[in-house]
Every structure is written in C-alpha cells, then in structure tokens.
Amino acid sequence: MRKSKTLLERTKIGEFLSMEANLSSEDIDLILYSVDVASNCVFKREEWQEFVRKVNKIDRTFKTLTKKK
C-alpha cells in the first residue's frame, strides 16, 4: 500500500463543489467532488506542471474577458 501525503484536505470551493489533493510517490492525485459525482486525476510531476500552466492561462484569459471597463 502506497503512503500518501495530503497536499490539500478536502476543501469546499463552491456551494456544491469541493476538492482535495494528495501526493503519492511522485504522483499528484487531484480529486474534485460535486453533489452526485467525484472525479479523480493522477498527474506525473511534468504533467502537473503543464496542467498548472494551462489553468493559469485559462485564468488570465478569463480575467481579461470579464474585466470591467
């Protein structure tokens, strides 16, 4: 059995959404929960770094598109 370390305890991020993250060996396990389903993604270190870059890009674009004039 692989021992994991908690990166983020299950945390509410919206009315019906929560998330948690764990580290097992070199993999990061990201779990998103909604009322009726949970989704689990396991990332290798390089994949995680690319995922974070893409999420940051999405966030910058979102902020630009929703910026009040």
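If you average 1/r over all unlike Cα pairs in the chain and invert the result, what Kirkwood radius do you get in angstrom?
Values: mean 1/r = 0.0729 Å⁻¹.
By the Kirkwood definition, the hydrodynamic radius is 13.7 Å.
Return the long-range amide H neighbours of S4 (sequence gap of 5 or more, or a different chain), with a cut-off of under 5 Å between placed amide H atoms.
Here the answer is none, since no amide H 5 or more places off falls under 5 Å of that of S4.
Please get the size of the charge dipole for the chain, origin at its Cα centre, with Cβ charges of +1 on Lys and Arg and -1 on Asp and Glu, quoted in debye to the nearest 20. Can you show the working numbers first?
On the way: 15 positive and 11 negative charges, 113 e Å.
Computed charge dipole of the chain: roughly 540 debye.
Please list, or write none, the aspartates and glutamates whose alpha carbon is within less than 18 Å of the alpha carbon of K68, excluding same-chain residues fewer than 8 places away.
By straight Cα distance, K68 reaches D59.
Select from F16, F51, F43 the residue whose mean-square fluctuation is largest in a Gaussian network model of the chain (Cα-Cα springs shorter than 10 Å).
F16
Compare N22, N40, N56 in a GNM of the chain, Cα atoms joined below 10 Å, and give the one with the largest fluctuation.
Among N22, N40, N56, the largest mean-square fluctuation in the Gaussian network model of the chain belongs to N56.
With springs only between Cα atoms under 10 Å, which of E15, E46, E26 fluctuates most in a Gaussian network model of the chain?
E15
Relative contact order of segment 4-66: what whole-number percent is it, with Cα pairs under 8 angstrom and at least 6 residues apart? Write down the numbers at each step before the final one.
Details: 82 pairs, mean separation 12.6, N = 63.
That works out to 20 percent.
Could you state the angle between the C-alpha long axis of helix 45-66 and the longest principal axis of the C-alpha atoms of the chain, as a value from 0 to 90 degrees rounded to the nearest 10?
20 degrees
Bear in mind that the values in this text are calculations on the coordinates, not laboratory data. This structure is a prediction, so every number in the text was calculated from the model and none was measured. Quick reminder, even Gly has a Cβ in these numbers, built from the backbone with ideal geometry, and neighbours come from all protein chains shown.
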